[in-house]
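What follows draws every value from the coordinates through simple rules; no lab data is involved. These figures come from a predicted structure and were not determined experimentally. Note that we place each Cβ from the backbone using ideal geometry, even for glycine, and neighbour counts take in every protein chain shown.
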Amino acid sequence: MAAACIFCKIIKGEIPSMKIFESEKTLAFLDIGPLSRGHSLIIPKYHGAKLHDIPDDQLHEVLSVTKKIAIAQGIENYNVLQNNGRIAHQLVDHVHFHLIPKPNETEGLG
Ligand code: 5GP
Ligand code: ZN
């Protein structure tokens, strides 16, 4: 845990979030600025800024949960995105995977 980290605060419940899934090692919640309806973030509870800071067991569970959310929500078309470093558009320095559903063009944000 890092005291100043937004996502660690979400894990601790100090900042509210719309949770989708929680286990001992992993948390998934809706993105506050969704790129499409259902855009979610899946994070390890272990605080690490970048992908290479995360132990393999945490990483495996985060990816497994990402897959299970896509299956449970019946999402057929989606992107999984994971940014590392400012130049690569990382804004929050706690590893997170974006699960971004790609709706039909007629659906939009709804
Ligand atoms: P990044 O650019 O670091 O890959 O993405 C960070 C994501 O975190 C953005 O999509 C942004 O909307 C989301 N985000 C930032 N602060 C919060 C917050 O307090 N709550 C939630 N639910 N999402 C956040
Ligand atoms: Zn953190």
> Can you give me the Cα centroid spacing of segment 64-85 and segment 13-51 in angstrom?
Replying inline: 12
> Given the rule -39500 (n - 2.57) for each run of at least 4 DSSP H residues, summed and divided by the residues of the chain, what is its mean residue ellipticity at 222 nm, to the nearest 500 deg cm²/dmol?
Replying inline: -7000 deg cm²/dmol
>> Between Arg37 and Lys50, what is the label-point separation in nm under the 7 Å Cα-to-beta-carbon projection?
In response: 3.8
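Quote the FRET efficiency, to the nearest 0.05, computed for Val92 versus Glu24 with a Förster distance R0 of 25 Å and r equal to the Cβ-Cβ distance. Let's see the in-between values first.
Working: r = 22 Å, r/R0 = 0.87.
After rounding, the FRET efficiency stands at 0.70.
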> To the nearest 10 degrees, how steep is helix 56-72 against the longest Cα principal axis of the chain, on a 0 to 90 scale?
Replying inline: 20
> Could the peptides 74-84, 89-99, 30-40 be put in order, highest first, of the mean number of other beta-carbon atoms found within 10 Å of their residues?
Replying inline: 89-99, 30-40, 74-84
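Using square roots of five times the C-alpha gyration tensor eigenvalues, list the equivalent-ellipsoid semi-axes of the chain in whole Å, biggest first. Each step should come with its number before you reach the end.
Working: eigenvalues 101, 44, 40 Å².
So the three semi-axes of the chain are 23, 15, 14 Å.
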> In a Debye calculation with equal point scatterers on the alpha-carbon sites of segment 21-84 and no solvent, what is log10 I(q)/I(0) at q = 0.16, 0.20, 0.21 Å⁻¹?
Replying inline: -0.53, -0.82, -0.90
